[in-house]
Amino acid sequence: WPRVWQWACREDHIPEAGDYYVYDVGHLSAIVLRTESGEIKAYYNACMHRGTQLKEPGSCGYSPELKCPFHGWTWSLDGELTELPQAWDFPHANEDSHRLPEMPVDTWAGFVFINFDQNAGPLEDYLGVLPDHFADFNLEDRYVEIHMQKRLPANWKASAEAFLEAYHVKETHAGGRQWSEPATQYDVFGDNVTRFIHTVGSPCPLAEPVPSEQELLEALWQRRVEDEVIPTVPEGMTARDVYADFIRDQFAEKYEQDFSHISTAQALDSIEYFLFPNAFIFPGLSLPMVYRFRPDPVDPDFCTFDLLFLRPKPLDG
Ligand code: FES
């Protein structure tokens, strides 16, 4: 955690000057904020006087400056020491010696990334294939529809591992149902990125007899939209094609955008990218989840879980 890039929040969390977001991971804490010039900066959440946390862990909101709650030393949003009570008693302290040290911060796809290591390499190098693979998903044009956070009674690594495979689906999600395993492809891209894709609406390769396209469509439709008339799969089309068209139309209406360029895989499939050490990003249209697990500061048998749904911003904003 002290040496890796990790997403702290979305740019949406800090849209205006003075907006801040405290990101905590284990015993580490950072303040991410928007300055008057619109720049995003990140600081260690620790006072330069005696290390008191400048902002409450887990807090966010608006703050025109950073004032320590202990003795009142105060910094501007740019990290400049602007107020030092009884300054005559601190002849060694001045703007140069006691600026707030900045942490490396950068953005990608609407996420704000920070690194507690001042000597960190560029975020771009760390992300590897992600910018290229996400070029068509436009995550930077999404908004946070839901952000849920929970403290879970589980170790963060054990939790994260469960989301790196689809091997558990048959027992955990399908109650042991025969041939319910999804067909899944796993890929490893360099040091920090892995991916799994499992196709929605295609039969398990082990299934016997092989279901018809109409049976597959009915399975898809019943699962997502109850009590609707299910269309017939036209000759030459697959259940996936028909259902992907439905999803594109449904999203076009809801988000007032054209999704005709989105491929069937992008519209339907469970596509998950994992960015070491703890970020899970599902860029697909119908399952636009992002989540992460963070170690608890005191108890290794607990972790913090964040789940976000990132939906396309309607054109009117
Ligand atoms: Fe922050 Fe003293 S500890 S002002």
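Applying 1/(1 + (r/R0)^6) with R0 = 30 Å to the Cβ-Cβ distance of His173 and His27, what FRET efficiency is obtained, to the nearest 0.05? Step by step, r from the Cβ atoms, then E = 0.30. Among Arg142, Arg50, Arg294, the largest mean-square fluctuation in a Gaussian network model of the chain, built with springs joining Cα atoms closer than 10 Å, belongs to Arg50.
For Trp179, the shell of other residues with beta-carbons less than 14 Å away shows a net charge of -2, using +1 for Lys and Arg and -1 for Asp and Glu. With Rh defined as the Kirkwood radius, the inverse of the mean 1/r over Cα pairs, the Rg/Rh of the stretch 114-214 is 1.04. How many percent of all Cα-Cα pairs in the stretch 92-169 sit more than 15 Å apart? The answer is 76 percent, as a whole percent. Highest mean first, the peptides 35-42, 66-73, 91-98 sorted by other C-beta atoms within 10 Å per residue fall in the order 66-73, 35-42, 91-98. Rounded to the nearest 0.05, the FRET efficiency derived from the C-beta distance between Ile146 and Glu56 at R0 = 30 Å is 0.80.
Computed from Cα positions, the angle between helix 239-255 and the longest principal axis of the chain comes to roughly 40 degrees. With all projection directions averaged, the alpha carbon convex hull of the stretch 170-257 covers 8.7 nm². Here's the picture: a label point sits 7 Å out from the Cα of Asp96 along the beta-carbon direction, and within the stretch 66-90 the residues with their amide nitrogen under 15 Å of it are 81. Under the simplified labelling scheme, the Leu307-Met237 pair shows an inter-label distance of 3.2 nm, with each label point 7 Å from Cα along Cα→Cβ. Label-to-label distance for Gln257 and Cys204 is 3.5 nm, based on points extended 7 Å past Cα in the beta-carbon direction. What the Cα atoms of the stretch 1-102 give is an Rg and a Dmax of 13.6, 42 Å. Pairs of Cα atoms in the stretch 209-280 fall into 10 Å distance bins, from 0 up to the last occupied one, in shares of 18, 41, 29, 11, 1 percent. When the label point is put 7 Å from the Cα of Thr82 along its Cα-to-beta-carbon vector, which residues of the stretch 36-58 have a backbone N closer than 11 Å? Only 36 pass the distance filter. Taken over the chain, lysine pairs spaced eight or more positions apart, or on distinct chains, with alpha carbons under 19 Å apart number 4. Global dimensions of the chain from alpha-carbon coordinates: Rg and Dmax equal 23.5, 86 Å. Charge dipole of the chain (Cα centre as origin; +1 on each Lys and Arg Cβ, -1 on each Asp and Glu Cβ, all else neutral): 900 debye, rounded to the nearest 20. Peptides 260-266, 303-309, ordered by how many other C-beta atoms sit within 10 Å of their residues on average, highest first, read 303-309, 260-266. Each of Ala219, Ala166, Trp73 was placed along the dipole of the chain (beta-carbon charges, centred on the mean Cα), and the one lying farthest toward the positive end is Trp73.
Laboratory data are not the source of any read-out in this text; all were calculated from the coordinates shown. Only a predicted model underlies this, so the values are computations on that prediction, with no experimental measurement involved. Cβ atoms come from the backbone with ideal geometry, glycine included; neighbour counts cover every protein chain shown.
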